Amino acid sequence: MLCHVCYAEPADLPDCPACRGSGRATSVPLCVEPWNEVVPGLFQGGHDVRSQSRTACVVTDEFDLVVSMTTREGYGPDAGVEHHVARMADAGVDAGIAARVDELARVTAEAVEAGRRVLVRCSGGLNRSGLVVAASLVRLGHAPDDAIALVRRARGPWALTNPGFVAHLRSLARA
Ligand SMILES: [Zn+2]
């Protein structure tokens, strides 16, 4: 994982007090909120929060569309809510993953443009969900670095610290 302060950016890395110039982090804290709104109508979240509450992350009918990169029994959404499940690892991005992310980003962006409330979630609500949310934002017209910044502003500095995900997002052409 990338350091949550310098993100291993060459300009900031040498003097970074958090990672002492390594650019890396070995542990990542859980978020406080089960989900956060990144832009109007588009939420990012997960299945685990800092409180370890058994119900905090359970989705019922809060959203019109839920995109889950992982699922857990009893975490919703309610029957009748459109639910896309596309399990993927918090690892690298190969051609197959890139195609899946692109398809999920298309579905997500179209729903947001249609005024629907959308939740994209994974386990911690930081990296896999951030990848799909940021790719959706690029489809909606944001530059990749703006999309990454919006995700981190919503979910905190530990969001999008998977270096492969950040590199993939920066390779995306702006819509
Ligand atoms: Zn650092």
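Side notes on the structure shown:
- Long-range HN-HN contacts of Trp35 with modeled amide H, under 5 Å: none
- Per residue solvent-accessible surface (Å²) - the chain, probe of 1.4 Å: 47 Å²
- Accessible-area composition of segment 103-175, carbon plus sulfur, in percent [1.4 Å probe]: 49 percent
- C-alpha center-to-center spacing [segment 64-111, segment 122-175] in angstrom: 14 Å
- GNM result for the chain, Cα springs below 10 Å: residue of Val151, Val101, Val132 fluctuating most strongly: Val101
- Take the convex hull of the alpha carbons in the chain; its mean projected area over all directions comes to 9.7 nm².
- Among Thr108, Thr26, Thr55, residue whose mean-square fluctuation peaks in a GNM of the chain (springs only between Cα atoms under 10 Å): Thr26
- Across segment 49-58, coupling constants 3J(HN,Hα) worked out from phi with the 6.51/-1.76/1.60 Karplus curve, θ = phi - 60°, read 10, 4, 5, 6, 4, 6, 10, 4, 9, 6 Hz, and Gly and Pro carry x.
- Considering only Cys31, Cys19, Cys122, the Gaussian network model of the chain with Cα springs below 10 Å gives its largest mean-square fluctuation to Cys19.
- Its alpha carbons considered, segment 60-143 gives a radius of gyration followed by a Dmax of 12.3, 36 Å.
- Loop sites in segment 77-175: trypsin sites (Lys or Arg not before Pro), DSSP, at most 15 other Cβ within 10 Å: Arg87, Arg116, Arg174
- For Ala25, the residues 5 or more places off, or on other chains, whose built amide H falls under 5 Å of its own are Leu2, Cys3.
- Sequence-separation-based contact order of the chain, relative, with Cα cut under 8 Å and 6+ spacing, percent: 25 percent
- The chain - share of DSSP beta bridges that are antiparallel (%, nearest 5): 30 percent
The values are calculated or read from the model by the stated rules, or taken from the named source; none is laboratory data. Since we're looking at a predicted model, the values are computed, not measured. Methodologically, a virtual Cβ is constructed for each residue, glycine included, from the backbone with ideal geometry; neighbour enumeration extends over all protein chains shown. For the accessible areas, the whole protein counts, side chains as well, though only heavy atoms, and no ligand, DNA or RNA atoms are used. Shrake-Rupley method; radii C 1.70, N 1.55, O 1.52, S 1.80 Å.
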